[in-house]
Every structure is written in C-alpha cells, then in structure tokens.
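Asker: Before I ask anything, here is the structure I am working with.
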Amino acid sequence: MIKVAIAGPRGRMGQEAVHTIMEKDNMELVAVLDHRELASNLKDYDQFTYDVPVYLDLQQLISTTKPDVLIDLTTPEAVYAHTKVALENGVRPVIGTTGFTDEQLQELTELAAKEKIGAIIAPNFAVGAVLMMKFSAMAAKYMPDVEIIELHHDQKLDAPSGTAVKTAQLIQENRPSHAQGHLDEKETIAGARGADFDGMRIHSVRLQGLVAHQEVLFGGEGQMLTIRHDSYNRTSFMSGVKLCVEKVIQLDHLVYGLENIL
Ligand SMILES: NC(=O)C1=CN([C@@H]2O[C@H](COP(=O)(O)OP(=O)(O)OC[C@H]3O[C@@H](n4cnc5c(N)ncnc54)[C@H](O)[C@@H]3O)[C@@H](O)[C@H]2O)C=CC1
Ligand SMILES: O=C(O)C1=N[C@H](C(=O)O)C[C@H](O)C1
C-alpha cells in the first residue's frame with residue numbers, strides 16, 4: 001500500500017487526483033494539503049465524502065501522517081517550497097504543477113541526488129502529450145524550423161505552459177541553435193512573434209472553453225508538418241499520475257518528464 005498525500009485538493013486537477021487515488025487498491029490517501037482553513041476533513045468539503053484529514057502545514061502533515069509520496073497540483077508560487085520540504089523529509093514528490101525556473105529544477109535535482117530519494121516532475125501526465133513531444137523531437141532533426149502554439153483555459157497562471165517549455169527543450173537537443181524568420185523582422189506590437197526559446201517561437205493562447213492543447217508546426221520548402229495533441233478533460237492526465245506514484249517509489253533521483261519513465 002502506497003501512502004499518498006495531495007497538495008491542492010480543491011483545484012481542477014486536485015479534485016480529479018483525489019478521486020483517482022481513492023479508487024486505487026494499492027494506494028491510500030492519508031492526507032491533503034490546503035492553504036486556506038475551510039475544514040479539517042475532506043468530507044466537510046462540498047466536493048468530497050471521503051474521510052481524509054486536511055492540513056495547512058506540510059511539515060505537520062508529513063510528521064503526523066507519514067506519506068510515501070506527495071502529489072503536488074498547486075501553483076507555480078507554492079510548488080518549489082513543497083517539493084523541497086518533501087525531499088528534505090523523505091517523502092517522494094510527484095509534481096504536476098508547472099512554472100519551475102531552470103535554477104529551481106537544478107537545485108531540486110541536486111537535493112534529490114543528495115538525499116538519494118525519488119522524485120518526478122512531469123509537465124504533462126497525458127501519454128498523448130508525451131508522444132507529441134517525442135514525435136516533435138524526432139521531426140526537428142529533419143525539419144528544424146519550428147513554432148509551438150499552446151492553447152489553454154483562461155485560468156492558467158503560467159505562460160508558456162510547462163509542456164511547451166519541455167517540448168522546446170526536447171527539440172533543442174535535436175536541432176542546431178538558430179534564429180527563425182527574417183533577419184530584419186520587427187515587431188510593431190510587442191510580443192507579436194511570441195516568446196523566443198533558442199530561436200523557436202512559442203505562442204500562448206488563453207481562452208474560455210479550452211482545456212489543454214498544443215500544436216507543433218514544422219515548416220519546410222513547400223510543406224508543413226503539424227503535430228497536435230488535445231486534452232479534452234482532466235481524466236486524460238490521471239493514468240500518468242498513477243504511473244508516477246508507482247514509479248517514484250523505485251527511484252533514487254529526480255526525473256524531469258514522463259517520457260523518461262514510460
Ligand atoms: N502535469 C500535468 O499533466 C498537468 C499540470 N497542471 C498544472 O497543475 C497545476 C494546478 O492546475 P489546476 O488544477 O488547473 O489549478 P487550480 O487553480 O484549479 O488548482 C490549484 C489549487 O491549489 C491550491 N493551492 C494554492 N496554493 C496552495 C498551497 N500553498 N498549498 C496547498 N494548496 C494550494 C488552490 O487553492 C487551488 O485549489 C498548474 O500548475 C497546472 O499548470 C494542470 C493540468 C495537467
Ligand atoms: O494548466 C494546465 O491546465 C495545464 N498545465 C500543464 C502545462 O503547463 O503544460 C499541463 C497541461 O498542459 C495542462
């Protein structure tokens with residue numbers, strides 16, 4: 001039985017994750033971490049009927065309920081501290097929250113190595129999205145001019161998405177660094193050409209009605225290849241969450257990206 005805690009249980013992803021873990025025979029949801037005093041037990045929240053204690057302090061949650069794994073689905077502002085506290089206290093983090101800086105990723109990788117403890121940071125838990133990223137990295141070898149368009153619901157806090165950043169990083173490994181577009185191009189409205197990642201442009205769309213979508217466009221002479229993935233609901237992420245909880249137990253270092261454990 002894997003003892004699991006979830007940070008962010010009232011969120012769009014957190015709610016889905018609570019139901020997912022509660023349904024698993026080999027996992028036990030021992031506690032959740034919230035950041036506002038609403039109730040001391042999940043069953044007193046409108047969304048749930050489960051008897052699971054709610055904590056506001058991660059350190060206290062860990063010392064009282066001793067989880068094996070912490071799933072974090074909170075905000076870019078909160079996630080770094082949660083991951084650090086988990087690693088320092090022998091709890092394996094499974095992180096879905098996006099918005100880490102390169103420096104934070106580096107520090108957490110070093111901390112996990114020092115503590116010899118497993119951790120997974122997965123910018124996207126959906127297997128289709130992981131395939132989209134892998135196919136994009138493959139395509140970039142042959143079609144190195146790329147633009148990424150990511151589209152999300154309008155409540156998303158970080159831009160570009162963690163998935164877009166990870167896609168660009170994987171593509172970067174497979175193509176020579178180079179600027180794209182006309183050498184003399186000028187933006188008449190700032191941001192018109194999107195964010196610049198090693199010469200690749202990333203465009204972030206935020207609209208009501210969207211969930212999580214991404215297109216990777218490869219231009220060639222007289223041709224274009226488009227690789228697209230759509231998550232139409234948050235259930236699409238849950239098989240990845242379950243897989244990470246099972247895999248992180250076997251690791252002794254930090255893994256960044258679901259593609260590394262599939
Ligand atoms: N890796 C993946 O496959 C996916 C990752 N995400 C990421 O997961 C994160 C959450 O996404 P959503 O559920 O859509 O956001 P949301 O805004 O619906 O939920 C975030 C929840 O975190 C809670 N929260 C904020 N600070 C907290 C703290 N210090 N301690 C405990 N709880 C805290 C909020 O009350 C809220 O309920 C985002 O970073 C998003 O980008 C979202 C979907 C898929
Ligand atoms: O905020 C979201 O919704 C999502 N966030 C992740 C990201 O930033 O890539 C994963 C997915 O795209 C949904």
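Asker: Being on the phi > 0 side of the Ramachandran plot and free of Cβ contacts under 8 Å to residues at least 60 places away in the same chain is true for just one of GLY257, GLY199. Which residue is that?
Answerer: Criteria check complete, one pass: GLY199.
Asker: Let me ask you something else. Quick check: is even one residue across the stretch 49-70 within 16 Å of ligand 2 (Cβ to nearest atom), under 17 Å from the mean Cα position of the chain (by Cα) and outside the structural domain of ARG175 (by the TED database)?
Answerer: No, that holds for no residue.
Asker: Take the stretch 154-207 and flag every residue that is away from ligand 1 (no atom under 16 Å from the Cβ), touching a Pro at 6+ places or on another chain (Cβ under 9 Å) and among the charged types (D, E, K, R).
Answerer: ARG175
Asker: Provide a single number: the residues in the stretch 37-78 that are free of Cβ contacts under 8 Å to residues at least 60 places away in the same chain and under 21 Å from MET238 (Cα atoms).
Answerer: 6
Asker: Give me the pairs: first residue in the stretch 79-103 and assigned by the TED database to the domain that holds VAL241, second residue open to solvent by 10 Å² or more (accessible area, probe 1.4 Å) and of a type in the set (D, E, K, R), beta-carbon distance under 6 Å, and six or more apart or on different chains, which are they?
Answerer: Close Cβ pairs (under 6 Å, with a partner that is open to solvent by 10 Å² or more (accessible area, probe 1.4 Å) and of a type in the set (D, E, K, R)) amount to LEU87/GLU115; THR98/ASP158; GLY99/ASP158.
Asker: To continue, here is another question. Condition first: among the aliphatic types (A, V, I, L, M) and surrounded by fewer than 16 Cβ atoms within 10 Å (Cβ to Cβ). Now tell me which residues in the stretch 21-54 satisfy that. Before you say what the answer is, go through the steps one by one.
Answerer: So the first thing to find is which residues in the stretch 21-54 are among the aliphatic types (A, V, I, L, M), and the list is 21-22, 27, 29-33, 38-39, 42, 52, 54.
The answer is LEU38, ALA39.
Asker: Would you mind finding the one in VAL146, VAL127, VAL79 that is more than 13 Å from LEU254 (Cβ to Cβ), within 16 Å of ligand 2 (Cβ to nearest atom), open to solvent by less than 10 Å² (accessible area, probe 1.4 Å) and out of contact with any Leu (no Cβ under 6 Å at 6 or more places or on another chain)?
Answerer: Just a single option satisfies the conditions, and that option is VAL79.
Asker: So for the stretch 161-168 (the condition being in contact with an Asp or Glu (Cβ under 9 Å, 6 or more places away or on another chain), assigned to a loop (DSSP other than H, G, I, E, B) and at pLDDT 95 or above), does at least one residue qualify?
Answerer: yes
Asker: Suppose we filter the stretch 1-14 for residues that are out of contact with any Ser or Thr (no Cβ under 9 Å at 6 or more places or on another chain) and either over 20 Å from ALA78 (Cβ atoms) or open to solvent by less than 60 Å² (accessible area, probe 1.4 Å) (or both); how many remain?
Answerer: Residues that pass the stated criteria total 5.
The values are calculated or read from the model by the stated rules, or taken from the named source; none is laboratory data. Fair warning: this is a prediction, and the values are worked out from it, not measured in the lab. Glycine gets a Cβ as well: all are built from the backbone with ideal geometry, and neighbour counts include every protein chain shown. Protein only, heavy atoms only, side chains kept; ligands, DNA and RNA dropped before computing areas. Shrake-Rupley method; radii C 1.70, N 1.55, O 1.52, S 1.80 Å.
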